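Working notes, beginning with the structure itself.
The values are calculated or read from the model by the stated rules, or taken from the named source; none is laboratory data. Everything numeric here is computed off the predicted structure, so don't read it as measured data. So basically every Cβ, Gly included, is an ideal-geometry build from the backbone, and we count neighbours across all protein chains shown. Protein only, heavy atoms only, side chains kept; ligands, DNA and RNA dropped before computing areas. Shrake-Rupley method; radii C 1.70, N 1.55, O 1.52, S 1.80 Å.
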Amino acid sequence: EFHPQPYRHLAKVLRTQGHYEAAREVAIAEQWAKPAANAVTRALRPVWGVCFGFGFSPVRATATVLVLLAIGTCGVWWAWKKAHVLSINYSYAMTEVANGPVFAAPLKEQSTAGAPECGNNDIQPVFYAMDMMLPVVALQEASRCSVDTRPGTEVWQVLWAVFSFVGKLATSLALLTYSG
């Protein structure tokens, strides 16, 4: 049977004596000792504990965000330079039609070219990954280029969405950890 009182009392005594880091470690130890309430908690608890110290460790939260940023930067660089799946975003579509106005829609038998690939100076991978991770701040990198929608890029589209979700979640949890 689990009793949180000894952990909380020790943490309180340590905090009043000025040992804030030791009090944090006791609070983390209490969370590890506490039994999981259900299957979801049992599954997610190790990730929350290791990556964020149950909301008590700003160092772990910072390390988690930096590791995710490094993974995202490498993924963006790979998609951009090696896989060539990033294309330039356009706020409008322009198709040139023979003997017609510049912005006319193409006929069914006329082919159109896809969006051009992102160039060497269009994005910076670290800022692009950061733009995907930050829930509030927009760095405008992701608005310049996106994963192409041509066939064969579905895996990249899913990876982009998963990374963006996990990055925003981790950044939000890190902010909660920093705030205590």
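Could you give the accessible area per residue of the stretch 29-70, probe 1.4 Å, as a whole number in Å²? Let's see the in-between values first.
Details: 2390 Å² over 42 residues.
About 57 Å² of surface per residue is accessible.
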Partnerless cysteines, meaning none of the other Cys C-beta atoms lie under 4.7 Å away, in the chain: Cys51, Cys74
Specify whether the C-alpha gyration tensor of the stretch 116-180 places it in the rounded, prolate or oblate class, a ≥ b ≥ c being the square roots of the eigenvalues: rounded for a/c under 1.5, otherwise prolate if a/b is larger than b/c and oblate if not. oblate
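Counting only protein heavy atoms and a 1.4 Å probe, tell me what percentage of the stretch 1-43's accessible area is made up of carbon and sulfur. Walk me through the intermediate numbers first.
Values: 1830 of 3260 Å².
Roughly 56 percent, rounded to a whole number.
At R0 = 22 Å, how high is the FRET efficiency between Val13 and Ala33 if r is their beta carbon distance? Nearest 0.05 is fine. Kindly include the intermediate steps, with their values, before the conclusion.
On the way: r = 18 Å, r/R0 = 0.81.
The calculated FRET efficiency here is 0.75.
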Could you work out how far helix 5-16 tilts from the main Cα principal axis of the chain, as a 0 to 90 degree angle to the nearest 10? 80 degrees
Label-point separation (nm) for Cys74 and Thr62, each offset 7 Å from Cα along Cα-to-Cβ? 2.2 nm
From the phi of every residue in the stretch 42-56, what ³J(HN,Hα) in whole Hz does the Karplus formula 6.51 cos²θ - 1.76 cosθ + 1.60 yield, where θ is phi - 60° and glycine or proline is x? 4, 6, 8, 4, x, 5, 4, x, 5, 7, 10, x, 6, x, 10
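Can you give the helix-only mean residue ellipticity at 222 nm for the chain, where every DSSP H stretch with n ≥ 4 adds -39500 (n - 2.57) and the sum goes over all residues, rounded to the nearest 500 deg cm²/dmol?
Working: 6 runs with 95 residues, N = 180.
Calculated mean residue ellipticity at 222 nm is -17500 deg cm²/dmol.
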Please express the shape of the chain as an equivalent ellipsoid: the semi-axes are the square roots of 5 times the eigenvalues of the C-alpha gyration tensor, given largest first in whole angstrom. 50, 16, 12
Give the angle, between 0 and 90 degrees and rounded to the nearest 10, that separates the Cα long axis of helix 154-179 from the longest principal axis of the Cα atoms of the chain. 40 degrees
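Write down the Kirkwood hydrodynamic radius of the stretch 8-80, to one decimal in angstroms, obtained as one divided by the mean of 1/r over all alpha carbon pairs.
Numbers: mean 1/r = 0.0710 Å⁻¹.
Taking every pair of different Cα atoms in the stretch 8-80, averaging 1/r and inverting gives 14.1 Å.
Peptides 135-146, 29-40: what's the order by average Cβ count within 10 Å, highest mean first?
135-146, 29-40
What is the total of Lys pairs in the chain with C-alpha atoms under 28 Å apart, excluding same-chain pairs fewer than 8 positions apart? If you can, show how the numbers build up before the last one.
Details: Lys12/Lys34; Lys34/Lys168; Lys81/Lys168; Lys82/Lys168.
Lysine pairs, 8 or more places apart or on different chains, close enough: 4.
How high is the relative contact order of the chain, in percent, counting Cα pairs under 8 Å that sit 6 or more residues apart?
Averaging sequence separation for qualifying contacts and normalising by length gives 23 percent for the chain.
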